[in-house]
Amino acid sequence: MTWQVTAPLVLAVNPDGQVDHVYSGGVIDWLSDDQKAHFLAEGLVVDIDRPQSDEDVPHAAATKAELIAWLVEHAVRDDGGEYTAGALQPLNKDELRALIEAVD
């Protein structure tokens, strides 16, 4: 599996036991089961191997991190610029859902 970091920074232990500093938007190709569970529970990463189409909006129980990742991938701001995970992080899930619903 491949994971995209949605937090500002994560410290991920690689298979060699070394700590990698991975910043927002970065990709991690390997996570231990413990790291994966923790990072997902805290909304620090999202699984980017799962195929999505433009019509495939996040499910009702999606985490905040999943909502942010979807918006970064599929939405464009009113001024034509791209959304960033950092800019979306302060929004709550209801606000993120409203942005997703506006994308059509």
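The values are calculated or read from the model by the stated rules, or taken from the named source; none is laboratory data. The structure presented is a predicted model; accordingly, all values stated were derived computationally and were not measured. Neighbour counts run over all protein chains shown; Cβ positions are idealised from the backbone, glycine included.
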| message | Taking the condition of being assigned to a helix (DSSP H, G or I) and either of a type in the set (Phe, Trp, Tyr) or crowded, with 17+ Cβ neighbours inside 10 Å (or both), how many residues in region 82-96 meet it? | response | 3
| message | On the basis of being free of Cβ contacts under 8 Å to residues at least 60 places away in the same chain, among the charged types (D, E, K, R) and either in a loop (DSSP other than H, G, I, E, B) or in contact with a helix residue (DSSP H, G or I) (Cβ under 6 Å, 6 or more places away or on another chain) (or both), does Asp79 make the cut? | response | yes
| field | Unmet criterion (only one of (1) under 16 Å from the mean Cα position of the chain (by Cα); (2) outside the structural domain of Arg97 (by TED's automatic domain parsing)) for His21 | value | (1)
| message | If I filter region 1-25 down to residues being among the small types (Gly, Ala, Ser) and in a loop (DSSP other than H, G, I, E, B), which single residue comes out as surrounded by the fewest Cβ atoms within 10 Å (Cβ to Cβ)? | response | Gly17
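Residues in region 26-41 that are assigned to a loop (DSSP other than H, G, I, E, B) and surrounded by 14 or more Cβ atoms within 10 Å (Cβ to Cβ): how many? Spell out how you get there, then give the answer.
First, the residues of region 26-41 that are assigned to a loop (DSSP other than H, G, I, E, B): 26, 29-32.
If we keep only those that are surrounded by 14 or more Cβ atoms within 10 Å (Cβ to Cβ) as well, we get 26, 30-31.
Result for region 26-41: 3.
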